[in-house]
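A quick write-up on the structure given underneath.
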Amino acid sequence: MMMVLQILGGFVLTAGVLLAAVPELVNRFKGPNDTPLTVPKETGAAISRRIRWGWVIAVGYLLMYPPIGLGLLPVLVTLAVAGIAGIMTARLMGLMLDGIEMRHLFRFAAESLILGGLWTWFVRLSA
């Protein structure tokens, strides 16, 4: 069962990375009367468009690396780490593909500090 979840998580993670890299793929599934998604001219809006798919990446991470323990604390920490890691992956892709914007760069740095703090706290707590 664990192997099936990890394979499923790999597929979800791949789909999330693909959609974060090319968000215009969603245009193919829209109806004929819907307005197609366009690439924003502003760098910040273009990066934010990719970050929406970070939650799909987070679900992939969560399926690939399930909670370590059965208590409430390991589950909450795993959810937080997977969510932040998914958003960071999508934000980093946006920074690399759309260009650097200071607001998103500062948010990436803040997310890195939060992720490092959560991980350090959890490792010390579980040791």
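Here are the numbers:
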read-out	value
The chain: angle of helix 72-98 to the longest principal axis, Cα-based, in degrees nearest 10	30 degrees
Tilt relative to the chain, helix 102-126 - C-alpha long axis, 0 to 90 degrees, to 10	20 degrees
Listed residues ALA80, ALA109, ALA21, most fluctuating in the chain (Gaussian network, C-alpha, under 10 Å)	ALA109
Helix-derived mean residue ellipticity, 222 nm - over the chain, DSSP H n ≥ 4, -39500 (n - 2.57), to 500	-24500 deg cm²/dmol
Size of electric dipole in region 2-126: Cβ of Lys, Arg +1 and of Asp, Glu -1, about Cα centre, debye, nearest 20	60 debye
Listed candidates [x] 31, 14, 12; [y] 30, 20, 9; [z] 24, 18, 14 - label of the one calculated as semi-axes √(5λ) of the Cα gyration tensor in Å	[y]
Convex hull (Cα only) mean projected area of region 40-115, reported in nm² to one decimal	5.0 nm²
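Bear in mind that the values in this text are calculations on the coordinates, not laboratory data. A quick note: this is a predicted structure, and the numbers were derived from the prediction, not measured. Glycine gets a Cβ as well: all are built from the backbone with ideal geometry, and neighbour counts include every protein chain shown.
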